Amino acid sequence: MNAQHDQDRRRVPRGADTAPDADQGANAAVAPWQAQDRADDDRGARVIRLDTARQSAGGADPDGERQEGPGPLERRIAAGLAFLRRRLTGEYEVDEFGFDPELNAAVLLPLARAMYRHWFRVELCGLEHVPRQGPALVVANHSGTLPVDGLMLTVAIHDHVGRDLRLLGADLIYQVPLLGHLSRKAGHTLACPADAARLLDKGELVGVFPEGFKGVGKPFAERYRLQRFGRGGFVETALRTGVPIIPCAIVGAEEIYPKIADLRPLARLLGLPYFPITPTWPLLGPAGLVPLPSKWMIQFGEPMRLEEHGPDAADDPMTVFNITDHVRENVQQMVYDTLLRRGPAFF
């Protein structure tokens, strides 16, 4: 009887007792001992796949004990320790210009990003005009007494386009030891045609502020009025490399440090292009270095392509001058349009 009982149980298909739509007629034909076994199975343990059990339990060891994975804090600490280990052992890479992508992404950009999101509340327009790959020259207006606009433009393109903007900076920046070192680590380099051409030949996105110190250091009474765009060196570079120019208007930087005066004797003594006096600096001391929380907008215009001129046009001063003036007028009009769209400076 027991042997027959075991043999009949082996004939029952596996998993039949757990079928969701069992037929009532079939249940009627089941032997009484099979019905009792099925009832016991319903009340007792069922076969559950091991991986399913682990997923539902959040991970368990073979003894059935729950295993918790590392939380966000633990993962952050582990990542930070790994970052420090790589810095101490030199297991990181920089390019020929000194650009350190890991340091830039882990340290420099997060500091600027907090100001970008929560202090200046930057809004963007025309992102579709910035190429996702390939070389291009982003040409923007410059202002703000201190070049904070370059930092905000870098964060905007990194976070919303997914590219590193390689800014061209003035010689003075790289004469200051710590500032020059950090600028190199962030991917920036000297504003010279040779470095710009090398970056563009590598397919990089390069940013330039043709107004230079004349733009960033202009008085508050001349806000949002563009200064001269230099001698057009950026146009020569664009012509020789055949890359498009992306005009860019930045509104909001003019209000962060309103320059109301300039101590020129002190500026000459310190070797600076200007020594600004603002409503908060130097009256409030170090607290006067905190920028005012103006509302920012950054707009990118349609690419200006120069293929019709050809590389030889870079040696024609009149062509370079005309293109430079055209780019300046385009950026100036974009600044006016963006200024109207933004509205009040601090709301």
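If r is the Cβ-Cβ distance from Val290 to Asp159 and R0 is 35 Å, what FRET efficiency results, to the nearest 0.05?
According to the calculation, E is roughly 0.90.
Could you look at segment 232-347 and say what percent of its accessible area is carbon and sulfur, using a 1.4 Å probe and all protein chains? Intermediate results must be reported in sequence, preceding the final value.
Working: 3650 of 5870 Å².
Here carbon and sulfur together make up 62 percent of the probe-accessible area.
Rank these residues by their accessible area, most exposed first, probe 1.4 Å: Glu307, Glu204. Could you put the intermediate results ahead of the total?
Values: Glu307 110, Glu204 45 Å².
Ranked list, largest accessible area first: Glu307, Glu204.
Using only the heavy atoms of the protein chains and a 1.4 Å probe, how would Thr278, Thr89 rank by accessible area, largest first?
The residues order as Thr89, Thr278, largest area first.
In nm, what is the difference between 0.36 nm times the number of residues separating Phe213 and Glu74 and their Cα-Cα distance? Intermediate values should be presented prior to the final figure.
Numbers: separation 139, 0.36 × 139 = 50.04 nm, distance 4.55 nm.
Going from the current span to full extension adds 45.5 nm.
Using all Cα-Cα distances in segment 121-277, what percent lands in each 5 angstrom bin from 0 up to the longest?
2, 9, 18, 21, 21, 16, 8, 4, 1, 0
HN-Hα J couplings of segment 166-176 from phi, Karplus 6.51/-1.76/1.60, θ = phi - 60°, integer Hz, Gly and Pro as x?
9, 7, 9, x, 6, 4, 4, 4, 8, 8, 8
So with the 1.4 Å probe, I'd like the accessible area per residue for segment 69-203, rounded to whole Å². Write out the running numbers ahead of the final one.
Numbers: 6980 Å² over 135 residues.
On a per-residue basis, 52 Å².
Spin-label point model (7 Å from Cα, Cβ direction): what's the Glu128 to Met318 distance in nm?
Here the answer is 3.8 nm between the modelled labels.
For segment 218-329, what does the accessible surface come to per residue with a 1.4 Å probe? Please give it in Å². Please list the in-between numbers first.
On the way: 5730 Å² over 112 residues.
Ligands and nucleic acids excluded, the figure is 51 Å² per residue.
If you take the square roots of the eigenvalues of the alpha-carbon gyration tensor of segment 176-216 and sort them as a ≥ b ≥ c, do you get rounded (a/c under 1.5), prolate (a/b over b/c) or oblate?
oblate
Under a point spin-label approximation (7 Å from Cα along Cα-to-Cβ), what is the Ala105-Leu88 distance to one decimal in nm?
2.3 nm
Quick check: from the Cα gyration tensor, does segment 170-262 come out rounded (a/c under 1.5), prolate or oblate?
On the way: a/c = 2.19, a/b = 1.41, b/c = 1.56.
It comes out oblate by the Cα gyration axes.
Amide H to amide H, which residues 5 or more places from Cys125 or on other chains are under 5 Å from it, using H placed in the peptide plane?
Correct list: Ile298, Gln299, Phe300.
Any idea how far apart Phe347 and Arg198 come out in nm if each label point goes 7 Å out from Cα toward Cβ?
For the pair Phe347/Arg198, the computed spacing is 5.0 nm.
In whole percent, what relative contact order does segment 88-206 give with Cα contacts below 8 Å and a gap of six or more residues?
35 percent
Run the numbers on segment 246-347 and let me know its relative contact order in percent, using alpha-carbon pairs under 8 Å that are six or more apart.
Relative contact order of segment 246-347: 40 percent.
HN-Hα J couplings of segment 118-130 from phi, Karplus 6.51/-1.76/1.60, θ = phi - 60°, integer Hz, Gly and Pro as x?
9, 9, 9, 6, 5, 10, 10, 9, x, 4, 5, 7, 8
Would you please give the residues with an amide H less than 5 Å from that of Asn141, counting only those at least 5 places away or on a separate chain, with H modeled from the backbone geometry?
For Asn141, whose amide H was placed from the backbone, the distant partners under 5 Å are Cys248, Ile250.
Tell me, what does the Kirkwood hydrodynamic radius of segment 113-187 come to in angstroms if you use every pair of distinct C-alpha atoms?
Taking the inverse mean of 1/r over all distinct Cα pairs, segment 113-187 comes out at 13.7 Å.
What are the residues whose amide H is under 5 Å from the amide H of Leu190, where those residues sit 5 or more places off or on another chain and H is modelled from the backbone?
The list, which skips near neighbours in sequence, is Gly169.
Can you give the percent of C-alpha pairs in segment 218-347 whose distance is more than 20 Å?
The share of Cα pairs beyond 20 Å in segment 218-347 comes to 58 percent.
The values are calculated or read from the model by the stated rules, or taken from the named source; none is laboratory data. The structure displayed is predicted, hence computed values, not measured ones. Don't worry about glycine lacking a Cβ; one is built from the backbone with ideal geometry, like all the others, and counts go over all protein chains shown. Side chains included, ligands, DNA and RNA excluded: accessible areas come from the protein's heavy atoms. Shrake-Rupley method; radii C 1.70, N 1.55, O 1.52, S 1.80 Å.
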